[in-house]
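The values are calculated or read from the model by the stated rules, or taken from the named source; none is laboratory data. Keep in mind the model is a prediction, meaning the values are calculated, not measured. Here the Cβ positions follow ideal geometry from the backbone for every residue, glycine too, while neighbour counts run over all protein chains shown. The accessibility values were calculated without ligands, DNA or RNA, using every heavy atom of the protein model including side chains. Shrake-Rupley method; radii C 1.70, N 1.55, O 1.52, S 1.80 Å.
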Amino acid sequence: MISLLFSFTVRGQVTYHISGAAPADVRYILLSDVATHQVLDSCFTSKGAFQFEGTLPENTFVNLSDSWHELDATLIIDDTPTIVDMENNYVRGSELNEKFNEYYRQLLRLQVNVISDYRHREELLSDTTRVADRQKVERSIQLQLENITAVEKGIVDANMGNIISAYFLRDLSADLTLNELRGYLNEHYPYREHPILYPAQQRLRELETLNVKR
């Protein structure tokens, strides 16, 4: 763990500037490290407006959340000033951050649809007269999950040369085979030791252990 943290830290620190707007009734905004879930900073809002400034390793993924954790936005730390619309989960800043935000919102929309179907499925579980309807919803869920996996793979494959790939590879890792993970996390992949990929590295070790036992 120490070696991974050191390898990431030496990539360089940058001063970040994050400002934005939230609904007027939001009292404060939390700034958290996505990889460690550690709260890094917080600030009270003024009529919904907020601002953060500090220093972090470049390419750190951070999450902004409101005081009730009902709104959130995730972005990449760099030295380009970043403006965040919390209500609409919209980020303006560097080209990389805006590209990441488009992917992020795309996946959120897909996930919202799946969550809606899961809730519908729960309602149907208690009604024995609607077995066919439940099965239809379950099939819809399966197809949507497969589509999300395919979309995430496409995002990762298209961004192997930048840090965006690491974020989505973390989520995707649970659905990858041993050989697929080895392929992505090979020695030539520049972000293989980024803290955001700790879950993927752990998944790879688990699959390798199972493969040895067979």
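How high is the relative contact order of the chain, in percent, with contacts defined as C-alpha pairs under 8 Å that are six or more residues apart? Don't jump to the answer; show the numbers that get you there.
Details: 312 pairs, mean separation 36.2, N = 214.
17 percent.
At a 1.4 Å probe, what is the % contribution of carbon and sulfur to the accessible area of the chain? It would help to have the intermediate numbers written out before the result.
Values: 6010 of 12070 Å².
Result for the chain: 50 percent of the exposed heavy-atom area is carbon or sulfur.
Which sequence of Thr74, Thr149, Thr15, Thr128 reflects their accessible areas, 1.4 Å probe, from the largest down?
Numbers: Thr74 5, Thr149 30, Thr15 65, Thr128 120 Å².
Greatest to least solvent exposure: Thr128, Thr15, Thr149, Thr74.
Using the Cα gyration tensor of the chain, with a ≥ b ≥ c the square roots of its eigenvalues, what is the shape: rounded (a/c below 1.5), prolate (a/b larger than b/c) or oblate (neither)? Don't jump to the answer; show the numbers that get you there.
Working: a/c = 2.16, a/b = 1.15, b/c = 1.89.
Oblate is the answer for the chain, as a/c is 1.5 or above yet b/c matches or exceeds a/b.
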Classify the stretch 136-214: rounded, prolate or oblate, from the alpha-carbon gyration tensor (a ≥ b ≥ c, eigenvalue square roots; a/c under 1.5 rounded; otherwise prolate if a/b is larger than b/c)?
oblate
Ordered by residue, what ³J(HN,Hα) values in Hz, to whole numbers, does the stretch 183-196 give under the Karplus form 6.51 cos²θ - 1.76 cosθ + 1.60, where θ = phi - 60° and Gly and Pro are x?
x, 6, 9, 6, 5, 8, 6, x, 10, 4, 9, 5, x, 5
Measuring with a 1.4 Å probe in the full set of protein chains, what accessible area per residue, in whole Å², belongs to the stretch 61-209?
53
Dipole magnitude of the chain about its Cα centre (Cβ charges: Lys, Arg +1; Asp, Glu -1), debye to nearest 20:
600
Pull up the cross-link candidates among the lysines for Lys99, meaning alpha carbon to alpha carbon under 17 Å and not fewer than 8 places away within one chain.
Lys153
